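Peer 1: Handing you this structure, nothing more for now.
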Amino acid sequence: MSNTIQATPGEKLDFYDLVPHEHAAHGSTQIGFWLYLMSDCLIFATLFAIYGVLGANFAAGPSPADLFNLPLVAVSTAALLLSSITYGFAMIDMEEGKKGATLVWLAITGVLGAAFLGCTLYEFSHLIHEGAVPQRSAFLSSFFVLVGTHALHVTFGIVWLITLMVQLGMKGLTPANTIRVQCLSMFWHFLDVIWIGVFTVVYLMGMLR
Amino acid sequence: MSTVTHDHVTDTNAPGAHAHPNPSVHGDGHSHGTRRTYLTGFALSIVLTAIPFWLVMANVIADTTIATLVIMGFGVVQILVHMVYFLHMNTKSEGGWTMMAAIFTIIVIVIALSGSLWVMYHLNTNMMPGHAMDPVNLM
């Protein structure tokens, strides 16, 4: 293979994969990542199904209308929607070859993601403080699993974002880094799509009952 | 599939190479948005988020069934907007395989969701008399 590291004497080994593998030129990284997202989508579909089935089992405990704070959900939704457009701007600046602007937009995206995560963590701590813990009722178990899984995805998205910013800072807009930024873009926008389902089904419909 | 091959030698390894436009992001079988399409998608998603929040917070629609259906409709439209404007889904990227995978996933999701709700609704209504439950309203 052409990308095997040749250890010739006196030459410094470079383990950082600057040149993409042969398949990358044909875009198989993106289709592979897309298939991962689709399987992740099935995980969320299962969690939505569980919430749909168990979401009305309050066990004489609190219901969504007693617990949820819609203005807070609106703020976190706004943060996530804004982070989608800022990531879009990062993608455009990357395509134009502007490394500095890409990093700035990625940083803003990360801050908005952290703001979203802060809202979720505040809500969770508030609920637990009120005694609305996951083991209180089937509704709360399925709620914490669904929203918690989404929040966990956002957490790992932020970790990935920071890693990618360090890589971009060190190596610049190489083809390999470009593909990584494109994959994180898909991941980030995918989490936004899942959140649309969460705030529609869990929060808005929960308040209606 | 893309038939464009890139000369990666031109834009890699050199520390100052990032000053040039990056050719690796073009012609790779993916369509990319412009500032304009991203802003269009953003404006649409803001509107499609604000309206259902307003409907619920201001209690606009008295009938909860109608309100639920309207909110679900807004959610579905917004998911489509995000798929088109942010995820850049179309029938052409990756030779149509992204669309194929997405359609397959949506079919599986519809079967899993509708099947679970349908079966569990009947199980609940048949097994627990007097327990007023209507999981269909959740979805």
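Peer 1: Order of A:45-51, A:130-136, B:97-103, A:192-198 by packing, highest average Cβ count within 10 Å first?
Peer 2: Most protected by this proxy first, the peptides run A:192-198, A:45-51, B:97-103, A:130-136.
Peer 1: Using just the helices of chain A, give the 222 nm mean residue ellipticity in deg cm²/dmol: DSSP H runs with n ≥ 4 each add -39,500 (n - 2.57), and the total is spread over all residues, rounded to 500. Please list the in-between numbers first.
Peer 2: On the way: 7 runs with 150 residues, N = 209.
Using -39500 (n - 2.57) per qualifying helix, the result is -25000 deg cm²/dmol.
Peer 1: If each of residue A:162 and residue B:40 carries a label point 7 Å out from its Cα toward its Cβ, how far apart are those two points in nm?
Peer 2: About 3.7 nm separates the two model spin labels.
Peer 1: Net charge near residue A:198: determine it from the other residues with C-beta under 15 Å of the C-beta of residue A:198, scoring Lys and Arg +1 and Asp and Glu -1.
Peer 2: -3
Peer 1: Still on this structure: Averaged across the residues of A:194-207, what count of C-beta atoms belonging to other chains lies within 10 Å of each residue's C-beta? Before the final figure, lay out the partial values.
Peer 2: On the way: counts 1, 2, 12, 5, 1, 6, 13, 6, 1, 3, 11, 11, 2, 7.
Across the residues of A:194-207, the mean count of other-chain Cβ atoms within 10 Å is 6.
Peer 1: Across peptide A:45-56, what mean number of C-beta atoms from other chains lies inside 10 Å of a residue's C-beta? Intermediate values should be presented prior to the final figure.
Peer 2: On the way: counts 9, 4, 0, 7, 9, 2, 3, 11, 12, 3, 5, 9.
Across the residues of A:45-56, the mean count of other-chain Cβ atoms within 10 Å is 6.
Peer 1: For chain A, find the longest principal axis of its Cα atoms and tell me its angle to the long axis of helix A:99-129, 0 to 90°, nearest 10.
Peer 2: Once rounded, one gets 30 degrees.
Peer 1: Next up: To the nearest 100 Å², how much accessible surface do chains B and A hide from each other in total, with a 1.4 Å probe?
Peer 2: Roughly 5400 Å².
Peer 1: Could you tell me whether the range A:47-118 comes out rounded, prolate or oblate from its Cα gyration tensor? Rule is a ≥ b ≥ c as square roots of the eigenvalues, rounded for a/c under 1.5, then prolate if a/b exceeds b/c, otherwise oblate. Working shown, then result.
Peer 2: On the way: a/c = 4.76, a/b = 2.84, b/c = 1.68.
Here the range A:47-118 falls in the prolate category.
Peer 1: Further, regarding this structure: Averaged across B:75-88, how many Cβ atoms of other chains sit within 10 Å of each residue's Cβ atom?
Peer 2: Taking the mean over all residues of the peptide, I get 5.
Peer 1: Let me know the Rg and Dmax you get for the range A:46-166 when you use only its Cα atoms, in Å.
Peer 2: 17.4, 58
Peer 1: Also, quick follow-up: So what is the orientation-averaged projected area of the range A:115-209, using the convex hull of its C-alpha atoms, in nm²?
Peer 2: 7.0
Peer 1: Something else about it: Sorted from largest down, give the three principal axis spans of the alpha carbons of chain A, whole angstrom values.
Peer 2: 73, 32, 28
Peer 1: Which whole-number value in Å³ per residue fits the convex hull of the alpha carbons of the range B:39-86?
Peer 2: 50
The values are calculated or read from the model by the stated rules, or taken from the named source; none is laboratory data. Keep in mind the model is a prediction, meaning the values are calculated, not measured. Neighbour counts are summed over all protein chains in view; Cβ atoms, including those assigned to glycine, are modelled from backbone coordinates with ideal geometry. Each accessible area value is taken on the protein alone, full model and side chains, heavy atoms only, with ligands, DNA and RNA left out. Shrake-Rupley method; radii C 1.70, N 1.55, O 1.52, S 1.80 Å.
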